[in-house]
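As structure tokens, the structure follows; a few thoughts come after it.
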Amino acid sequence: MRRMRRFGPTGLLVAALLALLAAGAQGARRQAFTVVMGEYSFDPATLTVSAGSQVEITLVNQGRLPHEFMVYPSGPNMPMERKEMHEWVEANSMLKGVETTVEVDGNTISGTEIMEVVVKPGARVSIRFVPARTGTFEFACLIPGHYEQGQKGQLIVK
């Protein structure tokens with residue numbers, strides 16, 4: 001017959017702390033990417049991340065024009081009319097309801113309603129979030145003419 005080990009109050013405290021540290025280390029896994037924005041392009045144009053892990057995307061605009069970054073489900077449901085397209089993307093944003101932090105020029109903005117990020121020429125912006133759902137999402141610049149010229153990419157969440 002096996003004898004059960006018993007932990008005293010100190011042993012239980014140590015076991016609880018070790019469990020919390022292990023869970024914290026798992027949840028703290030960070031995936032970092034730098035995406036260069038040019039005239040009508042993103043480089044790289046495909047990012048693969050893990051659901052439940054912190055993602056940090058640093059956007060660097062090396063173009064002469066401002067560009068925006070929006071993330072939404074990919075698929076045939078997106079309307080192609082300019083006004084409807086932007087409204088649909090905002091309503092279906094992958095970041096809607098997800099705690100998101102944006103850092104630009106030393107300023108930090110956080111919230112669950114950040115649907116788009118505009119990056120000025122020569123600027124660098126960091127976006128941090130934890131994707132909650134899996135799937136293939138499109139990211140794009142929806143400034144008139146940019147999407148049509150190919151400024152889009154894929155965010156794959158596994």
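Structure above, values below:
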quantity	calculated
SER50 accessible area, 1.4 Å probe, all protein chains in place, Å² to nearest 10	30 Å²
Kirkwood hydrodynamic radius (C-alpha pairs) into Stokes-Einstein, region 86-157, 10 °C and 1.306 mPa s, D in µm²/s	119 µm²/s
With every protein chain in place, region 71-158: carbon and sulfur % of accessible area (1.4 Å)	50 percent
Relative contact order for region 26-158, counting Cα pairs under 8 Å that sit 6 or more residues apart, in percent	34 percent
Heavy atoms of HIS146: accessible area, 1.4 Å probe, square angstrom to 10	10 Å²
Two-site FRET efficiency, ALA45 against GLU81, from Cβ-Cβ distance with R₀ of 22 Å, rounded to 0.05	0.35
Heavy-atom accessible area order for ARG64, ARG124, ARG133, largest first, 1.4 Å probe	ARG64, ARG124, ARG133
Solvent exposure of region 52-158 as accessible area per residue, Å², 1.4 Å probe	49 Å²
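The values are calculated or read from the model by the stated rules, or taken from the named source; none is laboratory data. Note that the structure is predicted; figures quoted are calculated from it, not measured. Virtual Cβ from ideal backbone geometry, glycine too; neighbours counted across all protein chains shown. Protein only, heavy atoms only, side chains kept; ligands, DNA and RNA dropped before computing areas. Shrake-Rupley method; radii C 1.70, N 1.55, O 1.52, S 1.80 Å.
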